[in-house]
Structures are given as C-alpha cells and as structure tokens.
1. Keeping all protein chains in place, calculate the accessible area per residue for the chain (probe 1.4 angstrom), answer in Å².
2. If amide hydrogens are placed 1.01 Å from N in the peptide plane, which non-local residues have theirs closer than 5 Å to the one on TYR313?
3. On the Cα set of segment 219-401, report Rg and Dmax in Å, please.
4. Give me the accessible area of LEU226, 1.4 Å probe, in Å² rounded to the nearest 10.
5. What is the Å³ per residue value for the convex hull set by the Cα atoms of the chain?
6. Give me the percent of Cα-Cα pairs in segment 273-330 that sit more than 12 Å apart, rounded to a whole number.
7. Just from its helices, what would the mean residue ellipticity at 222 nm be for the chain, if runs of 4 or more DSSP H residues each count -39500 (n - 2.57) and the sum is divided by every residue, rounded to the nearest 500 deg cm²/dmol?
8. Mind checking which lysines have their C-alpha under 18 Å from LYS171, skipping anything on the same chain fewer than 8 residues away?
Amino acid sequence: MSDVVACTAVHPLPDGEVRLLGAIESVTGAMTRVDIGGQKLLVDCGIGQGREARSWVFPDAAKGVDAVLLTHGHLDHIGSLPQLLDGGFDKPILATTATLDIARISLEDSLAMQRASFREIQWFLETFDKLAHPIPYDRSSGPTGALNLNVTFREAGHILGSASVDIVSDKSRVILSGDLGRPGSPILKDAFTHWGNARDVDVVVMESTYGSREHEHGHDDIEEKLLSVVKETAAKKGKIFIPAFAIGRTQVLLYFLNELVESGRLQRVPVALDTPMGLLVTETYAKFRQLYDAETIHKLSRGDDPLDFDDLYVSKKGRDSARIRSAPGPMIIIAGSGMITGGRIINHLVDGGLADPRNTLLFVGHQSVGTPGRRIQEAAKSGASVWLDGEEVPVRARIETLRGLSAHADRKELKAWLSAIPRVKRVALHHGEASAQRDLVAYLEGKALPSSSSHQH
Ligand SMILES: [Zn+2]
C-alpha cells in the first residue's frame, strides 16, 4: 500500500519535488509546480473561484517555469494564464488540441467579463496562440523544445480534451490526474487505465472533489426526471429554464434531450440554446468527434448527431435572446451561467421567468453558498422574493434540481482509477475540501464509514 497524504503541499521526488500551489484543501485554483530532472513545470494555472476567489493570490512559485501543462479547459485550472503571460512568460503551453481550443474560448470570455479592453484581449489571444503546443493523447511528447522529459497526456473522461499527465525523467515519474470524470458518462471516453508498470511512480497527484461521497443517480434516473419536469411544465404551457455551465454540462444536457427527442418520448417542445459561449464550446465538441466514446460514435454512424436535433434552436445575438423571451411556452431554455452569477439566464428570470408559476427553473449542478442560484433555492423554500440584477423578483416558478450530472468521479471511481496504476509510492490528494481529502484517505485505506449521499459539484 502506498502512502496517501491529504492537505499537504510538498512531495519529494528522487530528482526534484512536487509542490501544490493551489487547491491544497479546496476545489478551485488548481496549480502544481513539478520540479523534475532539472526542469521546472507548472501543471495547470488555475484561479480561486467562489468563496476562494477573495483570498486568491497568484503564487510567485508559478513564475519562471520552463513550460505549462494544462489538464483541461475549466477556468479553475487555467484562469491565471492571463496573469502568467502578462508577467512575461514565453515558454510552451502543452495540452491536447481540444483543451487548447476550449481554454482559448473560456479565457476570451473570462477576460471580457473582467472588462479587459479589446486590445488586451487580442494581445492575450495572440500570445496564447504563439505558445500553444498541442500534444496528441497517448503519444509521448519526447524531449520537446526546452523540455528534456517525456510527457504523455491520457484521457481523463471529465470534459472534451481533459487529460491526466504522466511525466517521466531519468530518475522520477509523476502522474497528475487532473479532474477525473465518471466512467460511462455521455459522449466522452472513460478515463485511461492501461498504465505501464515499467517504472515506479514516485507521486500520483489525485483530485478528491467527491472524496466523501458516492453518486446515487444513474443515467436512467436523469432521463426520467428530466422528462417528467419537462412534461409537467409543458402541460401548463410554461417554460423550463436551465442555468448551465457552458463547458461540459451544456453538452451533456443536449445529449440527454437528444435521447428523449430521438426516442419519441419528448415531442414538440422547442429547445433554445441561449448561451454564446455554450454554443462555441458545443461547436468545439462537434469538431473533435474522434474523441467521442464508442456509443456516441455509433449514434453518429446511424446519422444521429447527439448534440443536435430537430427542435433545437441556437441563439447567437442578444436580439434572438429577447425573441425567445417574448415567445410563448412550452419551451426549454438553456442559458449561462450555471449558478446565475451572470449571463443571459438573469434576463430570462428577471423578465417574467421567475414570477410565473407555470414555469420551472431546473438546476443541473451544485449552487454554492452566496450565489444567486443558492439564494433562489432558499427563497423558494420560504416563499420570499430575491434580488436579481437590482430588481426584487418573486419566486413563483417551480424550483427543481436534476441530480447526477456530475462531471467528477466519486470515491469508489477514484479508488478504481488509482488502483489501475501499478507501483505507486505516494499519493498526494488535492482539489477537494479538507474533510473530503481526509475521508478519502480513510476510504483508500479501507477504514471509511459508508458514504453520505451524493451532492453535486
Ligand atoms: Zn474541471
């Protein structure tokens, strides 16, 4: 049994060390410095989000590295790249091609939200494009450019392009999980399991978002719940508003809606995709079909595009969004952002959506404390109203949550992923609350209590 270590920043290697710079005992701000074989790498360059945003400080140790490796394009893994590039970083950024594409979309959006000027955004994108260095899955980078190491990206099954990273020098080997998806998730392949045992693994850095929990809801439960919410709302000619994160969650929702429409169980309810970034990311998913799992490729070969169906309408411009608002129900509207902290969902809810008892607001992910999403959930219980965008809005719509759409492996799935790696000397947990990390240590050592039920993140 290897050593499993929770909430600890530094892990020694025969020829260097692994140092967690972020997500040491939290779920955002993933950033890890790996000094190995005389070279300095940064794996992910994330940013603190939610309640961790206030205390987030860009770490000095992130500067002066020889390369950045990105595991995937979620902001909590890439959000500090603008700051790194601003500071003069001019070395390669290594990632899968899909991750580089998604990172570019996501960072452009994030800079615009922070009110960066057009010139600043253009400068960032040009610099990012110059440094971006795509590495295909399962192919060792070999010594590239300044790097004298072997770096291999392996499928992580979390979002399109997501990868675990295997880094090998003459004396050390480190594997970083990145965020790990659930086996059997729609669209994507499962995480890689065929790790070679030619070399000991000195340190595995593994995420632990669900270190305490086991998911209870399967795909059939999700489809049934989605169908019943839509049917009941449609019968009242209401609208179903779904606040969804643009990357990953939106595409999985489209996949389930496509299943319901193509199987004939859901009929004549138009679906509006009212999120410019969600649309761009969905187009990126469509560009990388070679990364889909066998089931999805089989669907495609039968002529069924899992991310497109007859009743799906996309809205590119703001005036399309206004037209959707004035159109009568029934209708499903998918709009960002996932916790209602911004995006077009706010206009829909303020402009009559939330006050109309025929409508349903369907959450598809965990709502963090302090976000408008959580405030609406609480107001719904007490019958109060909420303040959104400077207006007091009564919560009369039905409020529901669709569970089970998590893009993260639970503790059982994390254990299975880890046990597929032979000859591991030390496991460093990160990307989880301190309690989740401690629970996972106990679980991996066979001392855990039965799990509490699944929450979403
Ligand atoms: Zn992620």
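1. With all protein chains present, the chain gives 41 Å² per residue.
2. VAL271, ALA272, LEU273
3. Over segment 219-401's Cα set, Rg and Dmax evaluate to 16.0, 50 Å.
4. Near enough 0 Å² of accessible area.
5. It is 138 Å³ per residue.
6. 72 percent
7. Helices in the chain give a 222 nm mean residue ellipticity of -9000 deg cm²/dmol.
8. LYS40, LYS425
The values are calculated or read from the model by the stated rules, or taken from the named source; none is laboratory data. Values in this document were obtained by computation on a predicted structure and should not be read as measured data. Neighbour counts run over all protein chains shown; Cβ positions are idealised from the backbone, glycine included. These area figures cover heavy atoms from the full protein model, side chains too; ligands, DNA and RNA do not enter into them. Shrake-Rupley method; radii C 1.70, N 1.55, O 1.52, S 1.80 Å.
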